[in-house]
1. How many residues, within segment 121-157, are part of a strand (DSSP E or B) and among the polar types (S, T, N, Q)?
2. Is one or more of the residues making up segment 45-64 among the hydrophobic types (A, V, I, L, M, F, W, C), closer than 20 Å to HIS147 by Cβ and either modelled with pLDDT of 95 or more or surrounded by fewer than 10 Cβ atoms within 10 Å (Cβ to Cβ) (or both)?
3. Tally time: how many residues in segment 84-97 are in a loop (DSSP other than H, G, I, E, B) and open to solvent by less than 60 Å² (accessible area, probe 1.4 Å)?
4. Please determine, by comparing only the residues of segment 98-141 that are polar (S, T, N, Q) and open to solvent by 60 Å² or more (accessible area, probe 1.4 Å), which one is modelled with the lowest pLDDT.
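The values are calculated or read from the model by the stated rules, or taken from the named source; none is laboratory data. As the structure is a computational prediction, the values presented were derived from the model and not from experiment. Note that we place each Cβ from the backbone using ideal geometry, even for glycine, and neighbour counts take in every protein chain shown. Side chains are part of the model used for accessible areas, which takes the heavy atoms of the whole protein and leaves out ligands, DNA and RNA. Shrake-Rupley method; radii C 1.70, N 1.55, O 1.52, S 1.80 Å.
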Amino acid sequence: MPRHSRDYYTGSTYWNRFRKPIGIARLFSLLLLLTAMLPACGKPGTASYSAESPAPESEELTITFSTIPQTITANQTAQLTAKITRGSTPIKDASVGFEIWRQDEPDGEHLQQAAEPDNQGSYRLKGSFTDKGAYSVVIHVTTAQTHEMKMESFEVH
């Protein structure tokens, strides 16, 4: 039986053909080739942006708050609206919530309610206020890229 007729791992003589020792020159050449190929291994379809053209996702959200009617009357139905845009593009797939409390009771209960989207970039919450006074509202906006908040105030007459 020849000296290398049996492979200790598979029992095959075929496997032995590939078990030749790798020389230093071959190893160095292989490493050099792999290193040269690394820059070509980027993700396909990705774009790079220069300082002059920032990535669209990096632009901050604009949150515009309004009430309907502009003058809210106690015990009357009112609507709180937040229009969400990034640049001039309306954000239609955000999760928006309103956190509301009376300003004269900062440690009092904060009402937290999810807003309903209108698929035009506006998010609405309808209801009525039983107490007159100044109210604060924090609009919480969560998108796939960010979570932003904006604080506003309004009066109930």
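1. So in segment 121-157, the residues part of a strand (DSSP E or B) come out as 122-128, 133-142, 147-156.
Within this subset, residues satisfying the condition of being among the polar types (S, T, N, Q) are 122, 128, 136, 142, 153.
Of the residues in segment 121-157, 5 are part of a strand (DSSP E or B) and among the polar types (S, T, N, Q).
2. To start, the set of residues in segment 45-64 that are among the hydrophobic types (A, V, I, L, M, F, W, C) comprises 47, 51, 55, 61, 63.
Those still in the list that are closer than 20 Å to HIS147 by Cβ too: 55, 61, 63.
Within this subset, residues satisfying the condition of being either modelled with pLDDT of 95 or more or surrounded by fewer than 10 Cβ atoms within 10 Å (Cβ to Cβ) (or both) are 63.
Yes.
3. So the first thing to find is which residues in segment 84-97 are in a loop (DSSP other than H, G, I, E, B), and the list is 87-88, 91-94.
Narrowing further to those that are open to solvent by less than 60 Å² (accessible area, probe 1.4 Å): 87, 91, 94.
Of the residues in segment 84-97, 3 are in a loop (DSSP other than H, G, I, E, B) and open to solvent by less than 60 Å² (accessible area, probe 1.4 Å).
4. Going through segment 98-141, the residues polar (S, T, N, Q) turn out to be 103, 112-113, 119-120, 122, 128, 130, 136.
When the remaining residues are screened for being open to solvent by 60 Å² or more (accessible area, probe 1.4 Å), the result is 103, 112-113, 119-120, 128, 130.
On the way: GLN103: 93, GLN112: 95, GLN113: 96, ASN119: 89, GLN120: 93, SER128: 94, THR130: 93.
Taking the candidates together, the pick is ASN119.
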